[in-house]
Each structure stands twice: as C-alpha cells, then as structure tokens.
C-alpha cells in the first residue's frame, strides 16, 4: 500500500508534468490545473523583467505557436524538492524554446489533496541557439 508521503510526492511530480506540458503545448487547461488561480509568475527573460498573475500569463503562453507544434527539443529535470505536509519547494531545469530555464516553484496542498503552484520564479540560464 502506498503511504501518504509517496502519494504526495507522486502528485507533486504530476503538477510538475502539467507545468511542463502547459508550456510545451501552450495548453491553457494544464496551466490552470498546475497553477493556483491567484499564482504569480516572476522572472527575467532576455533582459526584461517579468511579473504577472496566472490568468494574464495565458496570453504570454499562447502569444506564439507552441514549441510542440515545431517539434522543438525539450526536457525537464527536477533538481530539488523540499516539502512539508502541505507545502513544497521545487527547483527545476528545463529546455523550452531553445532556452535553458531554472525555475523555482512553491506549491501548496489544497483541501482536495491536489498540489498546485502558488508562485513561480524563473531565470534563463543559457540559450541553446
């Protein structure tokens, strides 16, 4: 039988997968599943500061054709997970649109038992192009 700790870790990884797929496929439904409706996304992208709420981020996500439609290479690697019973910090490295991102996500466990991103901070580590 799977214990609560293992189940929580599995659900955190599911949220990470939703986060990646939302970006790769420009999938608004997956974005809404991954991010709490009040979540904030903050970072620096090619010299520009970026601060927005989840619903405004939908426009950013769909402004260009999704990387999947162009068969662009992608990956996501979990660098660290630290958590309590109801909160989690996740550090990721990912390749998207030719850029290597380092993302730091704060998640919370909702009353339903699902894990959602409350805040995301990102940094472009390097460009592949």
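Here, each number is a calculation from the coordinates, and none is a lab measurement. This one's a predicted model, so the numbers in the text were calculated from it and none came from an experiment. Neighbour counts run over all protein chains shown; Cβ positions are idealised from the backbone, glycine included.
Just a few scattered comments:
- Averaged over residues, the count of other Cβ atoms within 10 Å places the peptides 9-18, 48-57 in the sequence 9-18, 48-57, highest first.
- Mean-square fluctuations from a GNM of the chain, with a 10 angstrom spring cutoff on Cα atoms, peak among 62, 106, 84 at 84.
- Residue of 111, 39, 68 that the Gaussian network model of the chain assigns the largest fluctuation, springs spanning Cα pairs under 10 Å: 111
- Note on the chain: GNM, Cα springs under 10 Å; of 92, 61, 79, the largest mean-square fluctuation is that of 79.
- Cα-projected label distance for residue 44 with residue 78, points at 7 Å along beta-carbon direction, nm: 2.9
- For the chain, diffusion coefficient by Stokes-Einstein and Kirkwood Rh (Cα), 20 °C, 1.002 mPa s, µm²/s: 143
- Residue 55-residue 37 pseudo-label distance in nm [points 7 Å out on the Cα-to-Cβ vector]: 0.8
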